[in-house]
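The structure under discussion appears below in the form of structure tokens.
The values are calculated or read from the model by the stated rules, or taken from the named source; none is laboratory data. Keep in mind it's a predicted model, so treat the numbers as computed, not measured. Neighbour counts are summed over all protein chains in view; Cβ atoms, including those assigned to glycine, are modelled from backbone coordinates with ideal geometry. Side chains are part of the model used for accessible areas, which takes the heavy atoms of the whole protein and leaves out ligands, DNA and RNA. Shrake-Rupley method; radii C 1.70, N 1.55, O 1.52, S 1.80 Å.
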Amino acid sequence: MEKQVKNEMKIELLSKSANEAFARISVAAFASQLDPTIEEIADIKTSVSEAVTNAIIHGYNNTEGIVKIKAKLYEDEIEIEVSDTGSGIENIEEAREPLYTTKGNLERSGMGFTIMENFMDELSVESIVGLGTKVVMTKKIKKEGTTY
Amino acid sequence: MNVKHFMEDRLLVFEITEDLDHHSSEIIRRRADYEIQRFMPKRVVFDFNRVVFMDSAGIGLVIGRYKTASSFGGKLEMMHVNENLRRIFEMAGILKMIPIVESLEKEKIG
């Protein structure tokens, strides 16, 4: 059976680092409709922060562009898509390796994708050089067992 | 970020008071490097007591200050690392290099 979308939202923001907090807090507030635990919210916030930071630093290389965020709520799951129309990733596999970074000079640790993979249940990365990158991640929100 | 300097102990404490992401860590790192170069402490401690949120930018910030402190002969420690932060530091494998201490008191020898 097709999963039924219960709610949906979209945000577009300028690729300014000051918007990173706005992005993660907005998605977390939207996700709260699924009644997640504090840990689940922390996982979502961290993952969104990583994806949006990647779009700003790598996608747009700190130039001006639009970062798009879409989120869909299902019965027990949230799907979050973060996309940019920036430079794209040449080798996705390499980019996803822990500690791999092309921005060591900016003190980037190369742990962004590793954190997204660990904190979310699914992560897919699509990218075309010169056109942009789209990251889609989903997280199951466990329902508490009812006691009455 | 609040900076505390204890001259007799050559100890410098950075009390982080904001969420740690790419945006804030760039501001913090400039200030922190300036203070380390100014005081050349033997011990630098990042106090995360007031940090609610941190992403991978925190890893870069800490590793970078480890390097700055080392270049002046100092060592780096962290305290008040909550479960969320610890998980991220563990993932990056930096806790062997940069230990978490319980307090600012000098570690007892022996």
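List the pairs from A:Lys10/A:Lys142; A:Lys68/A:Lys140; A:Lys103/A:Lys142; A:Lys68/B:Lys75; A:Lys103/A:Lys139 whose alpha-carbon separation is above 30 Å, in the order I gave them.
A:Lys103/A:Lys142; A:Lys68/B:Lys75
Modelling each spin label as a point 7 Å along the Cα-to-Cβ direction, I'd like the A:Lys16/B:Lys42 distance in nm, to one decimal.
Once both label points are built, they end up 4.6 nm from each other.
Can you tell me the FRET efficiency between A:Glu64 and B:Glu105 if r is taken as the Cβ-Cβ distance and R0 is 51 Å, rounded to the nearest 0.05?
It comes to 0.55.
Per-residue mean of other chain beta-carbon atoms within 10 angstrom of the beta-carbon, peptide B:78-90?
If you average over the peptide's residues, the count of other-chain Cβ atoms is 2.
Per DSSP H run of n ≥ 4, the term is -39500 (n - 2.57); total these for chain A, divide by its residue number, and report the mean residue ellipticity at 222 nm rounded to 500 deg cm²/dmol.
Computed mean residue ellipticity for chain A: -8500 deg cm²/dmol.
Given a 1.4 Å probe and heavy atoms of the protein chains only, how would you sort B:Asp19, B:Asp47, largest accessible area at the top?
Reading off the accessible areas and sorting them downward yields B:Asp19, B:Asp47.
Could you order B:Arg50, A:Arg96 so the one with the most accessible surface comes first? Probe is 1.4 Å.
Accessible-area ranking of B:Arg50, A:Arg96, largest first: B:Arg50, A:Arg96.
Quick one: which residues, 5+ away or cross-chain, put their amide H under 5 Å from the amide H of A:Tyr74? H built at 1.01 Å from N.
A:Lys6, A:Glu79
Working out 0.36 nm times the residue gap between B:Glu26 and B:Met97, then minus their Cα-Cα distance, what length gain in nm do you get to one decimal?
Full extension from B:Glu26 to B:Met97 adds 23.4 nm.
How high is the FRET efficiency between B:Met1 and A:Asn105 when r is their beta carbon distance and R₀ equals 22 Å, given to the nearest 0.05?
It comes to 0.50.
For chain B, what proportion of DSSP beta bridges, expressed in % and rounded to the nearest 5, is antiparallel?
Just about 30 percent of them are antiparallel.
Taking 7 Å along the Cα-to-C-beta vector as the label spot, tell me the B:Arg10-A:Ile92 distance in nanometres, rounded to one decimal.
If labels sit at B:Arg10 and A:Ile92, their model points lie 5.2 nm apart.
From largest accessible area down, sort A:Met137, B:Met40; use a 1.4 Å probe on the protein chains.
Sorted descending by solvent-accessible area, the residues read B:Met40, A:Met137.
By average Cβ neighbour count within 10 Å, what is the ranking of A:120-132, A:13-25 from highest down?
Sorting A:120-132, A:13-25 by mean packing, highest first, produces A:13-25, A:120-132.
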